[in-house]
Amino acid sequence: MKLTNKIPALIAIPLVVCFIVLCIVNYSSSKTDSLSFTDKAKENGLNATMLYVDSYFNSRINFIEQFSPILANSISEDNQDENIFKILKNYLGISNFSALFIGMADSGKFYYISSNNEPYIVKDQDARSRGWYKDAISANRALLGKEVYPDERLKEKVMTISAPIIKNGKIIGVIGGDMAFKDLKNQILTLHFSKTNTIFAYDDKLEFVMHPNEEFELKQDDVIKMIENNLKDGISVRYTFKGDEKTAVCINSNTTGWKFCSTNLTSDIDDTLNSLLKQNITLFFASLVIILLCLFFLIKFSLRPLEIIQKGLREVFSLINHERKTASKIELNSKDEFGDMAKAINENIERTINSLTQDTNAVEQSVQTAAAIESGDLKARITLNPANPQLIELKNVLNKMLDTLEEKVGANTNSIEKIFDEYSQNDFRNEIKNAKGRVELATN
């Protein structure tokens with residue numbers, strides 16, 4: 001990669017890293033702000049839900065409170081059963097209760113009526129032993145039961161409101177009503193602001209009393225304990241339920257004593273965050289392209305002397321590699337570092353040419369010396385000095401080796417070979433003249 005391309009690329013790397021960091025910080029900040037906004041929206045939604053819940057229960061409590069004195073004035077000892085049946089039947093339709101019932105204090109009779117059924121007396125049950133009866137007597141006022149429970153008669157989950165029936169200052173019985181919990185649940189579940197937003201509620205026993213999935217109702221779950229623990233310092237909480245990451249806002253209901261939570265998947269805000277992320281990425285890449293183009297042209301203009309220096313270096317390397325016999329000097333009048341580089345290269349071009357010439361001459365003489373040795377002349381020596389220190393060392397080693405050969409063998413191997421040929425023919429008349437080498441002396 002050319003330097004004019006590499007420098008913008010190297011600059012782009014920290015820019016990309018900085019952008020990624022900024023994107024992460026911005027995404028995290030935007031997510032926090034979005035979650036805070038949705039928490040506020042859920043809180044407002046829960047406040048509206050609490051108004052509906054309070055209105056729902058208070059209207060029924062008021063009905064029981066107002067129905068109690070009516071019963072006190074209407075119940076007589078004459079034809080008591082028929083009288084109570086008639087009253088229950090007349091008031092059930094306007095009560096918004098799924099069932100109405102009366103327990104008598106003197107006899108413990110349990111009068112009961114539900115939707116689409118005629119009133120009757122519940123056999124083998126003493127109303128005075130029932131929880132709703134005892135709670136009303138104990139509180140001495142209209143009272144909303146704290147528990148949601150499945151009713152066998154209505155075949156659905158209900159809550160009970162009961163109140164004492166007081167006549168002439170004496171409690172003569174208790175009036176109660178069962179509310180089908182499904183109606184309240186269906187109304188509350190329609191109050192949502194996002195596709196995954198829903199509402200659930202749990203009681204002081206940490207059991208779901210209201211949940212979109214009926215399988216969880218009237219059961220404990222670890223997620224409730226986790227929510228309850230994390231809500232000690234606020235009203236919002238992040239949690240995981242069935243593998244889904246969720247956020248919830250919870251508010252206590254003064255009427256029921258339950259805690260209502262509005263929850264939704266944190267992924268609800270992903271579309272908004274992804275759109276923001278795409279905008280940031282688009283803006284970044286557009287800015288990056290503009291910056292890199294400007295850098296490319298500025299750097300290319302600033303590094304133009306490099307092309308001239310590069311051309312001069314190629315010629316020098318070609319000279320060193322024996323691809324050419326000479327090299328041109330670099331013509332560059334720049335006053336910066338590039339000019340200093342060109343001057344230094346020019347000085348070394350001349351020095352390199354001289355050194356190569358000296359080495360070439362020494363090598364040529366070495367070749368001639370080798371040829372002389374090959375012809376049998378062991379007196380031949382390399383006399384020219386090369387510029388390369390390694391070649392100088394090689395020259396000295398070769399000359400020393402030749403000195404050793406001449407000392408141990410002789411001055412000329414041809415004369416030794418000739419004497420050996422005569423000896424092989426049993427002609428011992430001649431000897432090696434001027435013998436100095438050990439082989440020559442031993443031969444003689």
The residue that is nearest to F57 (Cα to Cα), considering only those in region 255-280 that are modelled with pLDDT under 80 and aliphatic (A, V, I, L, M), is I269
For residues that are surrounded by fewer than 16 Cβ atoms within 10 Å (Cβ to Cβ) and in contact with a strand residue (DSSP E or B) (Cβ under 8 Å, 6 or more places away or on another chain), scanning just region 196-205, find the one that is modelled with the highest pLDDT.
K205
Tell me, please, whether a residue that is more than 30 Å from N254 (Cα to Cα) and touching a Lys or Arg at 6+ places or on another chain (Cβ under 9 Å) can be found in region 16-24.
no
In region 323-335, the residues that are in contact (Cβ under 8 Å) with a residue 24 or more places away in the chain and surrounded by fewer than 16 Cβ atoms within 10 Å (Cβ to Cβ):
T326, S334
Exactly one of (1) surrounded by 15 or more Cβ atoms within 10 Å (Cβ to Cβ); (2) under 60 Å from the mean Cα position of the chain (by Cα) is unmet by R153. Its number?
(1)
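Per-residue answers, yes or no, for (1) surrounded by fewer than 17 Cβ atoms within 10 Å (Cβ to Cβ); (2) without any contact (Cβ under 8 Å) to a residue 40 or more places away in the chain; (3) outside any loop (DSSP other than H, G, I, E, B):
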{"residue": "S107", "(1), (2), (3)": "yes, yes, no"}
{"residue": "Y111", "(1), (2), (3)": "no, yes, yes"}
{"residue": "N117", "(1), (2), (3)": "yes, yes, no"}
{"residue": "D124", "(1), (2), (3)": "yes, yes, no"}
{"residue": "R128", "(1), (2), (3)": "no, yes, yes"}
{"residue": "W132", "(1), (2), (3)": "no, no, yes"}
{"residue": "S138", "(1), (2), (3)": "yes, yes, yes"}
{"residue": "E147", "(1), (2), (3)": "yes, no, no"}
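Please count how many residues of region 168-182 are over 21 Å from S129 (Cβ atoms) and surrounded by 14 or more Cβ atoms within 10 Å (Cβ to Cβ). Working first, answer last.
Taking region 168-182 as the starting set, the residues that turn out to be over 21 Å from S129 (Cβ atoms) are 168-169, 179-182.
From what is left, the residues that are surrounded by 14 or more Cβ atoms within 10 Å (Cβ to Cβ) are 179-182.
Residues in region 168-182 being over 21 Å from S129 (Cβ atoms) and surrounded by 14 or more Cβ atoms within 10 Å (Cβ to Cβ): 4 in total.
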Of these, F101, F85, which one is part of a helix (DSSP H, G or I), modelled with pLDDT of 90 or more and not hydroxyl-bearing (S, T, Y)?
F85
Quick check: is even one residue across region 246-269 out of contact with any strand residue (DSSP E or B) (no Cβ under 6 Å at 6 or more places or on another chain), of a type in the set (D, E) and surrounded by fewer than 16 Cβ atoms within 10 Å (Cβ to Cβ)?
no
Considering region 24-38 alone, what residues qualify as being surrounded by 16 or more Cβ atoms within 10 Å (Cβ to Cβ) and not charged (D, E, K, R)?
S30, S34, L35, T38
Please work out which residue is modelled with the lowest pLDDT, limiting yourself to region 43-82 and to residues that are more than 20 Å from K170 (Cα to Cα) and of a type in the set (S, T, N, Q).
N79
Do we find that I291 is assigned by TED's automatic domain parsing to the domain that holds I20 and at pLDDT 80 or above in this structure?
yes
Among (1) at pLDDT 80 or above; (2) in a helix (DSSP H, G or I); (3) among the charged types (D, E, K, R), there is one condition E431 misses while meeting the rest; what is its number?
(2)
Index of the failed condition, E315 passing every other in (1) buried (at least 16 other Cβ atoms within 10 Å of the Cβ); (2) under 30 Å from C18 (Cα atoms):
(2)
Single match in K379, K395 (criterion: at pLDDT below 80, out of contact with any strand residue (DSSP E or B) (no Cβ under 9 Å at 6 or more places or on another chain) and in the same structural domain as H322 (by TED's automatic domain parsing)):
K395
Could you run through region 313-349 and say how many residues are farther than 20 Å from L391 by Cβ and assigned to a helix (DSSP H, G or I)?
16
Restricting to region 421-432, count the residues that are surrounded by 11 or more Cβ atoms within 10 Å (Cβ to Cβ) and touching a helix residue (DSSP H, G or I) at 6+ places or on another chain (Cβ under 9 Å).
4
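Has region 164-187 got at least one residue that is in a loop (DSSP other than H, G, I, E, B) and farther than 28 Å from K242 by Cβ?
Yes: one or more hits.
The values are calculated or read from the model by the stated rules, or taken from the named source; none is laboratory data. No experiment lies behind these values; they were computed from the predicted model shown. Neighbour counts run over all protein chains shown; Cβ positions are idealised from the backbone, glycine included.
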